[in-house]
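The values are calculated or read from the model by the stated rules, or taken from the named source; none is laboratory data. Quick caveat, the model's predicted, so the values are computed rather than measured. Here Cβ is always computed from backbone atoms with ideal geometry, including for glycine, and neighbour counts include all displayed protein chains.
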Amino acid sequence: MAVADGLPDLGEMERSGLSVPAERRLGEKIMAEIRRDPDYVHDAEIADYINRLGQRLVSHVEGARTPFEFFVVRDPMLNAFALPGGFVGVHTGLILATRSESELAGVLAHEISHVTQSHLARMFGNQSQAQLASLLSLAVALLAARSNPDVAMGAAVAGQAAGIQTQLNYSRDFEREADRFGLDLMEKAGFDIRGMASFFERMLQFGRLYENNAPGYLRTHPLTTERITDMENRIAQRPYRQVPDSVEFGLVRAKIRAYAGTPSDAVAEFAAQLKSGKYARETDVRFGLAHALLRDNRLSAAEDEVAALRRLKLDSPLLENLAAQIRLKRKDVEGAVRILQAGSQRFPNARSLTYALLEAKLGAGGPAQAAEVVDIARKELQLTPGDARLHALEAKAHAMLGERLREHRAQAEAYLAEGQLDAAIMQLDLARQANDGDFYEQSEVDARLRELRQRKMELQRNERNGRP
Ligand SMILES: [Zn+2]
């Protein structure tokens, strides 16, 4: 890829800024906080969707130096942001404000490009690493206080954070560079590149309308008419491409809407939309309505919508999961397990079905089911060793079986996968004290505990030396 005009060489800046592993560690620290935020979206269907969309773009980055992780935050404010280390967050408000999947891909491509061009590290290139660490830890506090303004910490931090907010703005050069690299990624990944310009243009108009109350996105990513013109000029030089939205895009948006506001309002909103006939896909509206009805405990009506969706030939793991969740609410665990088992076989890559299946089996409460959960979780973990939720489900199953060493050992891995080193060490201590494992298990726990304590000492040493 070409080096941007008028911007310093990447290698040069990196030497004065933050190293790639240090940036990743910092990002992980921030993420450990964000995952505890009540508005962090743990829903596997939404999380998987945004990650698949993001990874489709990332797979076209040349020489990517950091793994990427995408996540969603429940917040009506239009915003998207890149944290150090390849973590990219998107607010539900922004997802709902996009009018096509290519528009959403455009926002992600822009954020990905801030990361691949090391804009954060370059922005703070002149600051010492100690300053950088304290600046970013304040940014974390700001993020945490975002939706909880009445939390005491929020008030204490607000003053200092206001100063940081202005420093976290990307420069116009960075914005132009992120637009240019982002458009390139979109094109390579097969999206409609006009999506980026159309979304940013609407944001710009929106910003003019609200002036001082502009969405958070406009404060961190300065938008100007020149930027839009630049984008449009680039787009005009490339061939026109019509790209239909994926089925998942519509379903995930409907699900987000179904869980906003009160259940009865959500039901009324979808019912009115269905009646008006104003929609692109009937399946999206009925899927949203079914989820809203499930939330509102109107299970027969929700089942009617599932039947209608099957008649409309909707073929998606999200529909299977919905059908199973309705059964679970009816306390029909066996029925739910049957649907989820068949669904997992038809859609082997749908993690949400695996989680739901394990949760349903645990809900059934018997030792035989718990043993099955352990088997399935372990098998899945061989494919995705860093899956915190699978580790946590395995821990729950061991707890039901009264296996204390195994329970705490699995819970330690769950915490570790979420970057909570201290909590992981505490669990391993408990695993050791449980004293109900065989010799090999005891020594495995000992070895893991030594390893994590060593890791903690290194982190503390780095911190004392002012490195994140
Ligand atoms: Zn930007």
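Just a few scattered comments:
- Residues that are within 26 Å of the chain's Cα centre (by Cα) and either basic (Lys, Arg) or assigned to a helix (DSSP H, G or I) (or both) do not occur anywhere in the range 225-237.
- The residues of the range 433-448 that are among the small types (Gly, Ala, Ser), over 15 Å from Glu407 (Cβ atoms) and over 35 Å from the mean Cα position of the chain (by Cα) amount to a single one, Ser443.
- Filter result (within 11 Å of the ligand (Cβ to nearest atom) and among the β-branched types (Val, Ile, Thr)) within the range 97-114: Val107, Ile112
- Restricted to helices (runs of 4 or more DSSP H) entirely inside the range 269-386, no element has at least 3 residues that are basic (Lys, Arg).
- Against the numbered list (1) modelled with pLDDT of 95 or more; (2) aliphatic (A, V, I, L, M); (3) within 23 Å of the chain's Cα centre (by Cα), Leu383 comes up short only at (1).
- Of note, Ala412 does not satisfy the criterion of being surrounded by 21 or more Cβ atoms within 10 Å (Cβ to Cβ) and not assigned by TED's automatic domain parsing to the domain that holds Ile425.
- Residue check, Arg180 among the charged types (D, E, K, R) and either in a loop (DSSP other than H, G, I, E, B) or modelled with pLDDT of 95 or more (or both): no
- Residue count for the range 176-198 satisfying the condition of being in contact with a Leu (Cβ under 8 Å, 6 or more places away or on another chain) and within 13 Å of the ligand (Cβ to nearest atom): 2.
- Members of the range 257-276 found to be over 25 Å from Gln205 (Cα atoms) and either under 20 Å from the mean Cα position of the chain (by Cα) or touching a residue at least 60 places away in the same chain (Cβ under 8 Å) (or both), listed by number: Ala258, Tyr259, Ala260
- Any hit, the range 102-120, residues being at pLDDT 85 or above and among the acidic types (Asp, Glu): yes
- Within the range 97-112, the set of residues being under 24 Å from Asp284 (Cα atoms) and assigned to a helix (DSSP H, G or I) comprises Ala97, Glu101, Ser102, Glu103, Leu104, Ala105, Gly106, Val107, Leu108.
- When each of Leu94, Leu78 is tested for being within 16 Å of the ligand (Cβ to nearest atom), assigned to a loop (DSSP other than H, G, I, E, B) and under 22 Å from Pro222 (Cα atoms), the lone residue that passes is Leu78.
- Total residues in the range 61-92, condition of a type in the set (Gly, Ala, Ser) and free of Cβ contacts under 8 Å to residues at least 60 places away in the same chain: 4
- Set side by side, the residues Lys396, Lys456 differ, and just one is of a type in the set (Lys, Arg), closer than 16 Å to Tyr355 by Cβ and out of contact with any Cys (no Cβ under 7 Å at 6 or more places or on another chain), which is Lys396.
- The range 287-299 residues that are closer than 20 Å to Asp332 by Cα, paired with ones that are in a helix (DSSP H, G or I) and of a type in the set (Ser, Thr, Tyr) (beta carbon under 7 Å, 6 or more apart): Asp296/Ser264
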